[in-house]
1. With every protein chain present, what is the per residue accessible area of the chain (1.4 Å probe, Å²)?
2. Would you calculate a helix-derived [θ] at 222 nm for the chain, using -39,500 (n - 2.57) for each DSSP H run of n ≥ 4 and dividing by the full residue count, to the nearest 500?
3. Output needed: percent of Cα pairs per 10 Å distance bin for segment 14-125, bins running from 0 to the one holding the longest distance.
4. Based on Cβ point charges of +1 for Lys and Arg and -1 for Asp and Glu, what charge dipole magnitude is obtained for the chain about its Cα centre, in debye rounded to the nearest 20?
5. Using only Cα atoms, tell me the angle between helix 100-124 and the longest principal axis of the chain; keep it within 0 to 90° and round to the nearest 10.
6. Considering the dipole of segment 5-77 built from charges on the beta carbon (Lys and Arg +1, Asp and Glu -1) around the Cα centre, which of I16, V28, V44 is farthest to its positive end?
7. Taking the chain as the reference, fit the longest principal axis to its C-alpha atoms, fit the long axis of helix 81-90 to the helix C-alpha atoms, and give the angle between the two in degrees, 0 to 90, nearest 10.
8. Give the carbon-plus-sulfur fraction of the accessible surface of segment 69-131 in %, rounded to a whole number; probe 1.4 Å, heavy atoms of protein chains only.
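The values are calculated or read from the model by the stated rules, or taken from the named source; none is laboratory data. Here the structure is a predicted model, which is why all the values come from computation and not from measurement. Note that each Cβ is placed from the backbone with ideal geometry, even for glycine, and that neighbours are counted across all protein chains shown. Accessible surface is based on the protein model in full, side chains and every heavy atom, while ligands, DNA and RNA are left aside. Shrake-Rupley method; radii C 1.70, N 1.55, O 1.52, S 1.80 Å.
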Amino acid sequence: MSLSVDVYVPRAEGGIEVLDVPPESSDVAGWERWRTEVWGSEPVRSLGARFFPRLATEDLTVAPDEVSDFLAECDLLRTHLARIADHMAAEPGTGPRKSHAEHADDVSRRLDNIVKAARRALGVGGGVIIW
């Protein structure tokens, strides 16, 4: 299974409404095992990330008023892609054997999907959920 990233808007009567993914977009946020092996990994935690590591124990819900901070964390992870890819290449449980560049590209493409969703959320006053 894979993780999905979606945009939601709070409903006036309570709860949330998850919005459809636009046709030109992807909702892929990584493999299920990425909860602990990538997003919740030591390299990500050691950067001071506060959103992504939550995926190790639960689905990640980013409230509408936290989306800007979440985008900053996405930028932080992108700045340290090499470090995350080093971890993926060194850890046998993070999936198939790939080159450092392939791991970095995999994470970068998933971050692209997540950032696009977060920007859509900002545009509609919504939040982001990764599940």
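1. Details: 6570 Å² over 131 residues.
I get 50 Å² per residue for the chain.
2. On the way: 4 runs with 53 residues, N = 131.
Helices in the chain give a 222 nm mean residue ellipticity of -13000 deg cm²/dmol.
3. That works out to 14, 47, 31, 8, 0, in percent per bin.
4. So the magnitude is around 280 debye.
5. Value to nearest ten degrees: 10.
6. Result: V44, furthest along the dipole toward the positive end.
7. That helix lies at roughly 50 degrees to the long axis.
8. On the way: 1610 of 2970 Å².
The computed percentage sits at 54.
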